[in-house]
Every structure is written in structure tokens, then in C-alpha cells.
Amino acid sequence: MVSWLALLLALALAGPARAAPVELKAQLLRSYHAAEANQGVAADARSLYAIDNSTIGRYDRGTGKRTGGWSGDPKVFPHLNSCAVVGAELVCASSNYPATPMNSTVEVFDLGKLTHSRSIPLGHQVGSLTWAVRQGGFWWAGFANYDGKGGEPGRDHRFTALVKFDDDWKRLAEWRFPASVLDRFAPMSASGGVWGDDGLLYVSGHDEPAVFVLRVPAGGGMLEHVATIAAPIEGQAIARDPAAPDRLLGINREKRLLVSLRLPKVK
């Protein structure tokens, strides 16, 4: 009797069992050639933005024609990781990868002129800043950690983290990724992230042809792996498509393509 009581108590403390992540597949809609499609993509209603380490290309989303660009000094901008359109600005996550100690900045560009406006230094964080997006009045940022090149002693890919910041970039909460996602990241880390209209977080790895869908519990802790969506991308930074809530943008860095996808509904 005692053993059964102990078992029931252990089950109660463990809480409800979580369902296994659902396996889904995205639909390829269109691709655009872009010479700068090496680190990621951003989008607004008129244009797509291809991101490389020290350059940004702007492309007409209807014709695919290049309509502008920006090029920075690689010594000042060694590694733009991703960008996101926020109002009239292009907000980019940047780091000194593969140099260590890790140092991260947020680089802000005027969207219309595509000129650099300002830098926000974040310094040494819990990893290397790879993406930052705006949601619900806060900044949400992904910090990468690596097993080898670009990693710091004592931290490997398992230390990849999601961090919530306020408007002044003060840390408010932190989450870690579950093993089912980290195993797919290894030996690299998370490269892109966006919020869906369904309240779930969609995250891409460094080179995996997939998008990982995660539920973010309040207050920090461990992210919940809800689904994995197979997608014709090669990891790297992703973007929500403002043209439709069920569309996602990614890149194929080998072929230097910007890729438009239709996402399945995650229940």
C-alpha cells in the first residue's frame, strides 16, 4: 500500500505528461535569388531584405529585382546574424562571432534610406546574440552557444537561451531549450526566431531544414517543444511574412535564395 501511495504522489508531483512534438511539413511557395542571402531574411509589405555578415540587400517582393542595399566595414560589422522590421526601422542582431569572449550589439537601420542609425551595445551576455524581435511590448532575443568554433569554455550548444528584455534592454526572464530541439541544433545553435499569431515561438537552427515550434511558459524556465516543421531551408534566420499570417520566409544559403513558405496550422 505504501509503495502505491508513493507512486501516486510522484505522479501528482510530476504533473501532466506532455504530448510528443507533432511532425509537420511546410509548403514551398516561391524563391528569389539574392546575393546576400547568407545569414537571414527580413520583410515588410513591399520588400524583402537579404542579410549577410556585413551587407544587406533590398529586393522587390513582386519582381525579385534588387532595389537597394547597404554595405558596412567588416571590422565594425563582422557578423550581422538577422534583422527584423520594427516600425520604420530594420533592427538587426549582431555579434563578434567567431571571436571570443562573445560580444553582442543591436544594430538599427533607417528602413527607407537603408542607412545605419545607431548601435545598442549589449556586451557579454548568456551567449552570442543571433536574433531579436518585438512582441507584446518587449524584446525577445535568442542567444547562441556552440560546441566548437565561436564557443566559450564551459558552455556548449546546450546553453542556448531565449531572453526577454524591456525597452531599455534590461533582462527580465530567461528560458532554455528542451533536449529534443538542442539535439537537432548540435553542435551549433539557434539562428532565428519569430512569434506566430498563435502565440507560439518559431525557431530555426544553424543548418537544419526545419522550424521548431515552442510554447513559452510565463516567468522563465524550460521551453516546451510543440512541433517540428520540415522546411526547404538551411537553417539561419527566418522572418514572418506581413503579407499573410501563415507564411514564413527563410533562406537557402548554398543557392543564395530567399524562400517563401506556407506553414501548416499547429494545433
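If we keep just the residues of region 82-139 that are touching an Asp or Glu at 6+ places or on another chain (Cβ under 9 Å) and among the aromatic types (F, W, Y), which is nearest to R58 (Cα to Cα)? The extreme case among them is F109. Among the residues of region 25-46, those that are under 19 Å from the mean Cα position of the chain (by Cα), among the hydrophobic types (A, V, I, L, M, F, W, C) and assigned to a strand (DSSP E or B) comprise V41, A42, A43. Give the residues of region 223-266 that are under 21 Å from S31 (Cβ atoms), assigned to a strand (DSSP E or B) and small (G, A, S), sorted by residue number. Across region 223-266, the qualifying residues are A230, A239, G250, S260.
Collect the residues in region 78-119 that are of a type in the set (V, I, T) and in contact (Cβ under 8 Å) with a residue 24 or more places away in the chain, keeping them in residue-number order. Show your work before the answer.
First, pick out the residues of region 78-119 that are of a type in the set (V, I, T): 85-86, 91, 100, 105-106, 108, 115.
The answer is V85, V86, V91, T100, T105, V106, T115.
Checked against the criterion of being touching a Leu at 6+ places or on another chain (Cβ under 6 Å), in a loop (DSSP other than H, G, I, E, B) and either closer than 19 Å to L162 by Cβ or not acidic (D, E) (or both), region 208-222 has at least one qualifying residue. Restrict the check to region 82-104 and report whether at least one residue is hydroxyl-bearing (S, T, Y), farther than 19 Å from I251 by Cβ, touching a Ser or Thr at 6+ places or on another chain (Cβ under 9 Å) and crowded, with 21+ Cβ neighbours inside 10 Å. Yes, that holds for at least one residue. Within region 128-154, residues that are on the phi > 0 side of the Ramachandran plot reach partners that are surrounded by fewer than 20 Cβ atoms within 10 Å (Cβ to Cβ) and modelled with pLDDT of 95 or more with beta carbons closer than 6 Å, at six or more positions or on different chains, in the pairs G150/P98. Criterion applied to G69, G57 was being surrounded by fewer than 18 Cβ atoms within 10 Å (Cβ to Cβ) and not β-branched (V, I, T), and the one residue passing it is G69.
The values are calculated or read from the model by the stated rules, or taken from the named source; none is laboratory data. Keep in mind that what you see is a predicted model, and the values were worked out from it rather than measured. For neighbour counting, all protein chains shown are included, and Cβ atoms are generated from backbone atoms with ideal geometry for every residue, glycine included.
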